1. Between a residue in segment 19-46 that is touching a residue at least 60 places away in the same chain (Cβ under 8 Å) and closer than 20 Å to CYS164 by Cβ and any residue that is of a type in the set (Ser, Thr, Tyr) and part of a helix (DSSP H, G or I), which pairs come within a Cβ distance under 7 Å, given they are 6 or more apart or on different chains?
2. If I filter segment 9-52 down to residues being under 17 Å from the mean Cα position of the chain (by Cα) and acidic (Asp, Glu), which single residue comes out as modelled with the lowest pLDDT?
3. Given the conditions (1) buried (at least 16 other Cβ atoms within 10 Å of the Cβ); (2) more than 17 Å from the chain's Cα centre (by Cα); (3) touching a residue at least 60 places away in the same chain (Cβ under 8 Å), and given that LEU151 satisfies all but one, which numbered condition is not satisfied?
4. Sort through VAL205, VAL127 and tell me the only one that's in a helix (DSSP H, G or I) and crowded, with 20+ Cβ neighbours inside 10 Å.
5. What's the number of the only condition in (1) part of a loop (DSSP other than H, G, I, E, B); (2) surrounded by fewer than 22 Cβ atoms within 10 Å (Cβ to Cβ); (3) touching a strand residue (DSSP E or B) at 6+ places or on another chain (Cβ under 9 Å) that GLY133 fails to meet?
6. Restricting to segment 136-167, and then to whatever is of a type outside the set (Ser, Thr, Tyr) and part of a strand (DSSP E or B), can you tell me which residue is farthest from VAL79 (Cα to Cα)?
7. Which condition number does VAL79 fail, the rest of (1) assigned to a loop (DSSP other than H, G, I, E, B); (2) surrounded by fewer than 22 Cβ atoms within 10 Å (Cβ to Cβ) being met?
8. Are there any pairs, at least 6 apart or on different chains, whose C-beta atoms fall under 6 Å, with the first in segment 95-110 and within 21 Å of VAL73 (Cα to Cα) and the second surrounded by fewer than 22 Cβ atoms within 10 Å (Cβ to Cβ) and of a type in the set (Val, Ile, Thr), and if so, which?
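The values are calculated or read from the model by the stated rules, or taken from the named source; none is laboratory data. Keep in mind it's a predicted model, so treat the numbers as computed, not measured. All Cβ positions, even for glycine, are placed from backbone atoms using ideal geometry, and neighbour counts span all protein chains on display.
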Amino acid sequence: MLRRARQDVSMTSSSVLDLAPVVPVVVVEDAADAVPLARALVAGGLPAIEVTLRTPAALDAIRAIAEAVPDAVVGAGTVISPENVADAVAAGARFLVSPGWTDTLLDAMKGSGVPFLPGVSTTSEVVSLLERGVTEMKFFPAEAAGGTAYLKSLAGPLPQARFCPTGGISPASAPSYLALKNVGCVGGSWMLPADAVAAKDWARVEDLAREASRLAG
């Protein structure tokens, strides 16, 4: 099992939750930025990188990172259809993240051959996934859906479920999430401020990633 303290980023484990305390959630507008951005995140200690499928450049960005940054574990986020699953895996995504799930989407993710984190925000959704044999999930939108108090309440009746909370999490709030026994990591984008990316200030991104990599509960 991969643990946060290790820098081994092989996916011999099926878990994404233990690669690092924070998974950067990346929106790439220009595919040319993908490789230097990923190198900065990896150098800062954040090897798992979720590239969201929100822009036309996303698949090219995943492909570029997969080919040029071997120390990165690049995944696709905002996966909402079987077509997204197929396209992301073909581009080189090594894990998949969805904001929510349906039976059709879940079947596609299960059949993809790569680890995946389906999104949940209610207890019933968690129970439904547990019935389907899924124990690792994205909790989204974390702050709006109840935050740490909600996740702490789930730990008692549903201890087998583990989460990557994402949505509204900051460097100040991340440690309180990471302190919960049912949280493996958090997702966030604060280490990628828009002005730094626009200026291609990858040194600043690396510094912010390094600070995030040291967060603990």
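1. Hits for this filter: ALA20/SER213; PRO21/SER213; VAL22/SER213; GLY44/SER213; GLY45/SER213; LEU46/SER213.
2. ASP18
3. Just one mismatch for LEU151, condition (3).
4. Details: VAL127 fails: crowded, with 20+ Cβ neighbours inside 10 Å.
From the options VAL205, VAL127, the qualifying one is VAL205.
5. (3)
6. Of the residues in segment 136-167, the ones of a type outside the set (Ser, Thr, Tyr) are 136-147, 149, 151-152, 154-165, 167.
From what's left, part of a strand (DSSP E or B): 136-139, 162-165.
Working: GLU136: 16, MET137: 13, LYS138: 12, PHE139: 15, ARG162: 20, PHE163: 17, CYS164: 15, PRO165: 16 Å.
Top of the filtered list is ARG162.
7. For VAL79, the failing item is (2).
8. PHE95/VAL114
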